[in-house]
Amino acid sequence: MPKTPSAVYLYTLLRSERRPSLAGAPDGLPGTGSLRLIEAGPGLWLVAADAPLARYGEEAIADGLKDLDWVAARAVAHEAVVRYLARRRTAVPMRLFTLFRSDERAQEHVRKSQGRLLRLLDRVDGCEEWGVRLFASEKAPAPAPRARAKAPDAGRRFLERKRELHRTARAVPAAAARAARSLVRQLGRVARDQRDLPIPSAATAGRMLADAAFLVPASARPLFRAALTKAASGARGQGIELTVTGPWPPYNFVDAAS
């Protein structure tokens, strides 16, 4: 029976002196083969699976990208594999839909980038990523009212009140933005590294003040959690809401390995 044409799908690069175990790992992307290891150099291992071209060839992926549910299901499956393995070994995650024609091509890619990949592995060794987003509260405290001279008539009082409201609307977000930057700096002191992420122009109706990723040694997790608790307490008093995600594999601290 002829073999089904397939490509080599990559999840992550692992560093391990011994051959890593894949026991208990999630299944991976729908329709792909079982997870397997490709030796990629001394102490380096690629976690891969065979991906049928009928489902993961260039045209099939181009069609799938038009369907948000299709993409989401595969992104979740990819993330589950990477997250499981990154908890057990130092890992450089691959981008979603990283495919090579053969094991040899994948090995060649690692050999050509070995110096950079080893530096990345050193950088994230023993670390996890935490995400922190800061938002201007919808119920932010208003600034203290400005002193005003007595208005000679109702019309002037109305205009002054409008100007005051306009100043207040600008002052609250500006003050919150400064406070958010200060909170991010405080958290950065506890982390090994920090990255400020771009804020989408339409993010939560313009309420997002900061989006940051922190590279935190796993051994420092209690210290970072304590810093998060302190930051959240301070944020509430400054009209800021704080959301936290993690721990994650260090996606934002590795250059694209694919």
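The values are calculated or read from the model by the stated rules, or taken from the named source; none is laboratory data. It should be emphasised that the depicted structure is a prediction, and the values quoted were computed from it without experimental measurement. In this analysis, Cβ positions are derived from the backbone assuming ideal geometry, glycine residues included, and neighbour counts consider all displayed protein chains.
Which of the residues that make up the range 1-30 are under 18 Å from R95 (Cα atoms), small (G, A, S) and not in a strand (DSSP E or B)?
G28
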Please work out if R111 is at pLDDT below 95 and not in a strand (DSSP E or B).
yes
Check whether at least one residue in the range 138-149 is at pLDDT 65 or above and either outside the structural domain of Q238 (by TED's automatic domain parsing) or farther than 30 Å from G57 by Cβ (or both), and report yes or no.
yes
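Looking at the structure I just gave you, is V76 under 20 Å from L120 (Cα atoms) and in the same structural domain as K112 (by TED's automatic domain parsing)? Outline the logic, then answer.
Details: under 20 Å from L120 (Cα atoms): no; in the same structural domain as K112 (by TED's automatic domain parsing): yes.
Spelling it out, it is not the case that V76 is under 20 Å from L120 (Cα atoms) and in the same structural domain as K112 (by TED's automatic domain parsing).
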Which members of the range 40-53 meet the condition of being part of a strand (DSSP E or B) and either closer than 14 Å to T4 by Cβ or without any contact (Cβ under 8 Å) to a residue 24 or more places away in the chain (or both)?
A49, D50, A51, P52
Within the bounds of the range 68-80, is there any residue that is closer than 23 Å to P52 by Cβ and touching a Ser or Thr at 6+ places or on another chain (Cβ under 6 Å)?
no
Confirm whether A62 is surrounded by 20 or more Cβ atoms within 10 Å (Cβ to Cβ) and either modelled with pLDDT of 95 or more or part of a helix (DSSP H, G or I) (or both).
no
Report whether or not A75 is assigned to a helix (DSSP H, G or I) and under 21 Å from V254 (Cα atoms).
yes
